[in-house]
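The values are calculated or read from the model by the stated rules, or taken from the named source; none is laboratory data. Treat the numbers as computed from the prediction; the structure is a model and nothing was measured. FYI the Cβ positions are ideal-geometry reconstructions off the backbone, even for glycines, and counts take in every protein chain you see.
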């Protein structure tokens, strides 16, 4: 939800928030989000584990080559109305980000971001953050909906998002930029079973 205080929000407004709230500055407004519900948390944590094979050196069979971070605080200069943006997950190729920053803020543009939709944040994720991510030049965007059991994958093409594909339920996909290994979507939903889809003749 947006918090309108009659003045331009600053980072001090975010620092003043209680620890159970997350603050961002989107479109020149302070947007405060509560801690997410379990389906959101499960999808985010499971996806982070699944992509662990890509993190840095990976495991013995993993491709490595990435920094994968949970809720990194992005301070990018693409738009002054978006000075503090926090995706649910983000990734940098190790050739893009040579070492992790020593402060909370990441000032290097990620190569990939992912938003896990919640009813309270979905509108801002799509209407505000998606255009900003394109403006910032982030190459890939994933949108995961843990209530509809879907994964949407986008690639930046000449400054515009091009939808690469949409998958759902228990599909097994190889989704760029992590298409070197298959991803079982069922792992993101935990023990919750995706609904059976009725086949239309």
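Filtering the range 65-91 to residues that are part of a strand (DSSP E or B) and closer than 28 Å to residue 9 by Cα leaves 69, 70, 73, 74, 84, 85, 89, 90, 91.
Please work out if residue 141 is in contact with a helix residue (DSSP H, G or I) (Cβ under 7 Å, 6 or more places away or on another chain) and either within 25 Å of residue 73 (Cβ to Cβ) or in contact (Cβ under 8 Å) with a residue 60 or more places away in the chain (or both).
On the way: in contact with a helix residue (DSSP H, G or I) (Cβ under 7 Å, 6 or more places away or on another chain): yes; either within 25 Å of residue 73 (Cβ to Cβ) or in contact (Cβ under 8 Å) with a residue 60 or more places away in the chain (or both): yes.
So residue 141 passes the test.
Apart from one condition, residue 42 fits all of (1) at pLDDT 95 or above; (2) at negative phi; the exception is (1). If you go through the range 156-167 one residue at a time, do you hit one that is surrounded by fewer than 17 Cβ atoms within 10 Å (Cβ to Cβ) and closer than 15 Å to residue 25 by Cβ? For the range 156-167, residues surrounded by fewer than 17 Cβ atoms within 10 Å (Cβ to Cβ) and closer than 15 Å to residue 25 by Cβ: absent.
Suppose we keep only residues that are assigned to a helix (DSSP H, G or I) and surrounded by fewer than 13 Cβ atoms within 10 Å (Cβ to Cβ) within the range 15-39. Which one would you say is modelled with the lowest pLDDT?
Residues of the range 15-39 assigned to a helix (DSSP H, G or I): 15, 38-39.
This time we only want the ones that are surrounded by fewer than 13 Cβ atoms within 10 Å (Cβ to Cβ), so: 15, 38.
On the way: 15: 94, 38: 91.
Ranking the candidates gives 38 first.
Annotation: of all residues in the range 180-195 being part of a loop (DSSP other than H, G, I, E, B) and exposed (fewer than 14 other Cβ atoms within 10 Å of the Cβ), the one that is modelled with the highest pLDDT is 182.
Scan the range 93-112 and tell me whether some residue there is part of a strand (DSSP E or B), closer than 19 Å to residue 136 by Cα and under 15 Å from the mean Cα position of the chain (by Cα). Even if it seems obvious, please write down each step before you answer.
So in the range 93-112, the residues part of a strand (DSSP E or B) come out as 93, 105-106, 112.
From the residues that got through so far, the ones that are closer than 19 Å to residue 136 by Cα too are 93, 105-106, 112.
With the extra rule that they be under 15 Å from the mean Cα position of the chain (by Cα), the set shrinks to 106, 112.
Within the range 93-112, one or more residues are part of a strand (DSSP E or B), closer than 19 Å to residue 136 by Cα and under 15 Å from the mean Cα position of the chain (by Cα).
So, in the range 74-92, of the ones that are out of contact with any helix residue (DSSP H, G or I) (no Cβ under 9 Å at 6 or more places or on another chain) and closer than 21 Å to residue 44 by Cβ, which residue ends up surrounded by the most Cβ atoms within 10 Å (Cβ to Cβ)? Here the residue is 90.
Every residue, every condition in (1) closer than 18 Å to residue 113 by Cα; (2) in contact with a strand residue (DSSP E or B) (Cβ under 7 Å, 6 or more places away or on another chain), yes or no:
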site	(1), (2)
8	no, no
11	no, yes
22	yes, yes
27	no, no
55	yes, yes
73	yes, yes
83	yes, yes
86	yes, yes
